[in-house]
Amino acid sequence: MKNNPYVAIIGLGYVGLPLAVEFAKKYPTIGFDINKKRVGELNGGNDFTLEVDEQELKKVLKRTSNTGLLITDSPETLGKANRYIVTVPTPTDKHNQPILTPLIKASETIGTFLKKGDIVIYESTVYPGVTEDICVPVLERVSGLIFNTDFFAGYSPERINPGDKLHTVTKIVKVTSGSTPDAAKIVDDLYKSIITVGTHLAPSIKVAEAAKVIENSQRDINIAFVNELSKIFRLLEIDTQAVLEAAGTKWNFLKFTPGLVGGHCIGVDPYYLAQKAVEEGYNPEIILAGRRMNDSMGGYVATETVKMMIQKDVKVKGGNVLILGITFKENCPDIRNTKVIDVIDELKKYNLNIDVYDPWANAEEVAHEFNISLVREKSQLKTDYDAVILTVSHHQFANFQIENYCKENAVVFDVKSFLPIDKIDGRL
């Protein structure tokens, strides 16, 4: 195993690009992605995810013999590398079953160029065992090399929080692991060289894989609990936020809030752990119960809005509804697995006319993914909405004058408890 890292990042999305930029500051680095459009944009210094600053990206694109980033869609360049890091997505299908195809394809690509002494590190979220039981056999088959003799593997779960400018890649403790003690140390040292807050070396790859899926499963279950509380307290006509504020005065109360749970991690990772549990003959009751609760919230928000419209004698059939926000979280353009679409789909069942306004989301991407035409400017909004639902707490909505776009008796539902309470009719 060579001590002069030449790094290749496979997949340049929200996870891969920031990692590639940091490694490129210290080592010669290749950023590989099969999306030609994405590669072209990045080589022009434009990152639509907004995770990397344009000037920072352009700086590392100026390569030297020892540092710098080559962004390419040409797999032939990967032969130069000796440290491969896989950051491709691992989504689920419509039946919530893990989709490992991107991971397998990435392994096949790497296997073509794998050499003796190379290390392949996976960051994509998986259930325990995927790296060694699924990915490594692909690497062996394609390369003809022998695992832990000719090449080695590692796993270091990604912890990127899209849109978070405080907890960036170098400021989040990195869990690392390797297939042998020597490989584990090399993997750990590689990440230590860029992670300023340090690393945690796990005793095995499976432990590192398991740590990743339980991080988000734990958060998912906690949010499911407060979502259920919100449903109960609305029936009791009690303000959930007031209850949480009161309970939060106790030193060990965990401060979670109700809402829509989407994105590429919390809404997906629990299914990976659940799938592995089922394969082993165990039915994961709490994990899946949490998922069912959180997946129900989009429809619940829509139904509660319609109920309030009926109570206020507001027109439902043929009425106009404004949705504020379609990304999966605030101040971020990421629409992956957004649960706002569940709100919209449920509202459509009532024959409501729906406008969606989101200053962060990419209109072309939204149209492609959901067949929805975003309202691009505030000036294009109507002034006679029968209901407004704030689904995402973008900072632009803090001073949004909702009354300028509504009928006098319009319903305002605040999913994020973001708006002044005197301006809304209901909230989770």
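Rounded if a/c is under 1.5, else prolate if a/b is larger than b/c, else oblate: which is segment 50-120, with a ≥ b ≥ c the root eigenvalues of its Cα gyration tensor? Verdict is oblate for segment 50-120. Full extension of the chain between K80 and R292 yields a length gain of 71.7 nm, computed as 0.36 nm times the residue separation minus the alpha carbon distance.
Which residues does the label zone of D133 cover in segment 252-295, counting backbone N under 16 Å from a point 7 Å along Cα→Cβ? It comes to 271-284, nothing else.
With only the Cα atoms considered, segment 278-428 has a convex hull volume of 129 Å³ per residue. Size descriptors for segment 298-359 (Cα atoms only): Rg and Dmax, in that order, 12.1, 36 Å. Accessible surface comparison of Y272, Y357, probe 1.4 Å, protein chains only, largest first: the order is Y357, Y272. Summarising the overall dimensions of segment 13-146 from its C-alpha atoms, the Rg and Dmax are 15.3, 48 angstrom. Per residue, the convex hull spanned by the Cα atoms of segment 106-236 amounts to 134 cubic angstrom. About its Cα centre, segment 273-318 has a charge dipole of approximately 380 debye under the convention of +1 per Lys or Arg Cβ and -1 per Asp or Glu Cβ, with nothing else charged. For the residue pairs K231/K329; K231/K416; K165/K348, alpha carbon separations beyond 24 Å are given by K165/K348. Couplings for segment 301-310, taken from phi via the Karplus curve 6.51 cos²θ - 1.76 cosθ + 1.60 with θ = phi - 60°, read 4, 4, 5, 5, 5, 4, 4, 5, 4, 5 Hz in order; Gly and Pro are left as x.
Please check the chain for the longest run free of GluC sites (Glu not before Pro) that are loop-located per DSSP (anything but H, G, I, E, B) and have at most 10 other Cβ atoms within 10 Å. Value returned for the longest uninterrupted segment is 1-236. The distance between label points at T64 and A367 comes to 4.5 nm (points 7 Å beyond Cα on the Cα→Cβ vector). Charge dipole (Cα centre; +1 on Lys/Arg Cβ, -1 on Asp/Glu Cβ; no other charges) of segment 143-213 amounts to roughly 300 debye. The length gained on full extension between E54 and L235, counted as 0.36 nm times the residue separation minus their Cα-Cα distance, comes to 60.3 nm. The calculated FRET efficiency for T101 paired with H395, based on their beta-carbon distance and R0 = 25 Å, is about 0.10.
The values are calculated or read from the model by the stated rules, or taken from the named source; none is laboratory data. As the structure is a prediction and not an experimental result, all values here were calculated from the model. FYI the Cβ positions are ideal-geometry reconstructions off the backbone, even for glycines, and counts take in every protein chain you see. Keep in mind that these areas ignore ligands, DNA and RNA; they rest on the heavy atoms of the full protein, side chains included. Shrake-Rupley method; radii C 1.70, N 1.55, O 1.52, S 1.80 Å.
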